[in-house]
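Everything below concerns the one structure shown next.
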Amino acid sequence: MDLDLRVLVTRKIPEIGLKILQKHFEVDANPESESLTAPALRQRLARADAVLCLLTDRIDPAAIDAAPNLKVISNHAVGYDNIDVPYATSKNIAVCNTPGVLTEATADFAWALLMSITRRIPEGEKLMRSGEFHGWDPLMLLGADLQGKTLGIIGAGRIGSAMAHRSTGWQMKVLYHSRSTNTELEKALNARRVALEELLQTADFISIHLPLTAETRHLINKDTLQMMNPGAYLINTARGAIIDEAALVEALEKKTIAGAGLDVYEYEPKMVAGLKDLQNVILAPHIGSATIDTRNKMASIAAENIVRVLNGEPALSQVN
Ligand code: DGY
């Protein structure tokens with residue numbers, strides 16, 4: 001136990017993560033389920049040797065400058081666009097994340113969105129609860145089949161690949177757009193790597209699995225949405241700002257695409273005007289990785305990364 005070292009945990013996390021940290025360090029844990037304000041975060045960082053933070057915390061240069069002793073920023077997430085990694089690196093601070101453990105849960109959830117929107121489950125549920133179901137109707141809530149259709153994966157890393165692998169149940173053709181060739185996916189699923197335009201023009205279901213970077217911000221915009229066919233569905237469990245949300249609302253309103261399933265938002269937790277009024281979109285509150293086992297694993301890895309870095313050992317997962 002090195003009680004000279006102090007770790008800030010910015011928000012309530014699964015207990016297992018706190019327990020790991022408390023065995024080794026003095027822990028300043030925010031017990032609330034709400035993020036610290038930027039000034040409160042800076043104030044509590046002032047004495048921290050490490051911070052376990054969430055994707056809802058902005059770890060920008062001002063926050064980093066407020067923490068003269070900081071040696072590690074450990075994000076309780078695989079994505080780390082909330083952290084200014086180049087700035088942290090320039091200050092010799094390790095930045096860590098939690099890849100791998102949330103792959104299957106997130107891919108499952110992307111499929112859950114895809115199936116919910118194509119089979120119109122939220123609309124059906126609303127009908128039942130409102131007492132407006134008056135019996136079986138051959139034309140009620142008709143949706144789209146999956147069997148034999150084309151799945152387009154944008155970003156064929158861990159989660160994109162897991163999403164693609166789940167398509168075998170429906171004998172789908174798989175297209176993917178990715179910076180590099182995914183040989184495993186090509187061998188296992190006969191997947192074909194294509195340009196973004198071809199994927200958008202051909203796929204019946206498109207699922208986004210990219211990190212948010214300057215290059216991927218608004219990758220899906222008015223122009224690229226226009227390339228999708230009117231029967232196609234768009235699923236996003238990655239980061240909201242990869243889609244220009246206002247352009248998506250317009251496409252859904254004009255029905256130039258059939259529908260969308262969203263777990264993430266450009267201005268999270270807010271949504272752009274009009275989105276929540278549409279029937280052809282299903283909206284989830286960023287819960288792709290929200291299973292008990294997965295969240296426990298994320299908390300454990302985020303804590304273990306801190307233990308390792310502060311003990312001078314390599315982290316389980318460091319991004320810089
Ligand atoms: C992540 O880890 O980046 C997800 O968005 C939340 O699990």
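The values are calculated or read from the model by the stated rules, or taken from the named source; none is laboratory data. Keep in mind the model is a prediction, meaning the values are calculated, not measured. Neighbour counts run over all protein chains shown; Cβ positions are idealised from the backbone, glycine included. Side chains are part of the model used for accessible areas, which takes the heavy atoms of the whole protein and leaves out ligands, DNA and RNA. Shrake-Rupley method; radii C 1.70, N 1.55, O 1.52, S 1.80 Å.
Structural remarks
- Residue match in segment 175-195 (condition: within 19 Å of LEU234 (Cα to Cα), surrounded by fewer than 11 Cβ atoms within 10 Å (Cβ to Cβ) and not charged (D, E, K, R)): yes
- Pick from segment 253-267, criterion away from the ligand (no atom under 15 Å from the Cβ) and open to solvent by 10 Å² or more (accessible area, probe 1.4 Å), ranking: farthest from ILE121 (Cα to Cα): TYR267
- Of residues in segment 62-76 being over 19 Å from ALA303 (Cα atoms) and assigned to a loop (DSSP other than H, G, I, E, B), the one nearest to the ligand (Cβ to nearest atom): ALA66
- Close contacts from segment 283-295, counting a first residue that is near the ligand (Cβ under 10 Å from one of its atoms) and a second that is open to solvent by 60 Å² or more (accessible area, probe 1.4 Å) and among the charged types (D, E, K, R), with Cβ to Cβ under 9 Å and a gap of 6+ residues or different chains, come to HIS286/GLU268; GLY288/ASP108; SER289/ARG295; THR294/GLU104.
- Those residues of segment 84-110 which are part of a helix (DSSP H, G or I) and more than 16 Å from the ligand (Cβ to nearest atom), in sequence order: PRO86, TYR87, ALA88, THR89, SER90
- The condition of being touching a helix residue (DSSP H, G or I) at 6+ places or on another chain (Cβ under 7 Å), among the basic types (Lys, Arg) and either open to solvent by 60 Å² or more (accessible area, probe 1.4 Å) or farther than 24 Å from GLY288 by Cβ (or both) holds for only one of ARG6, ARG42, ARG47, that being ARG42.
- When residues in segment 21-35 are screened for being open to solvent by 30 Å² or more (accessible area, probe 1.4 Å) and among the aliphatic types (A, V, I, L, M), 2 of them pass.
- Here VAL307 clears all of (1) out of contact with any strand residue (DSSP E or B) (no Cβ under 7 Å at 6 or more places or on another chain); (2) more than 13 Å from the ligand (Cβ to nearest atom); (3) aliphatic (A, V, I, L, M); (4) outside any helix (DSSP H, G or I) except the condition numbered (4).
Yes/no matrix, rows are residues, columns are (1) surrounded by fewer than 15 Cβ atoms within 10 Å (Cβ to Cβ); (2) within 25 Å of the chain's Cα centre (by Cα); (3) of a type in the set (Phe, Trp, Tyr):
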{"site": "ASP108", "(1), (2), (3)": "no, yes, no"}
{"site": "ALA112", "(1), (2), (3)": "no, yes, no"}
{"site": "ILE121", "(1), (2), (3)": "no, yes, no"}
{"site": "LEU127", "(1), (2), (3)": "no, no, no"}
{"site": "GLY135", "(1), (2), (3)": "yes, no, no"}
{"site": "PRO138", "(1), (2), (3)": "yes, no, no"}
{"site": "GLY148", "(1), (2), (3)": "yes, no, no"}
{"site": "MET163", "(1), (2), (3)": "no, yes, no"}
{"site": "THR168", "(1), (2), (3)": "yes, yes, no"}
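- Some residue of segment 212-230 being over 22 Å from MET163 (Cα atoms), at pLDDT 95 or above, aliphatic (A, V, I, L, M) and exposed (fewer than 15 other Cβ atoms within 10 Å of the Cβ): yes
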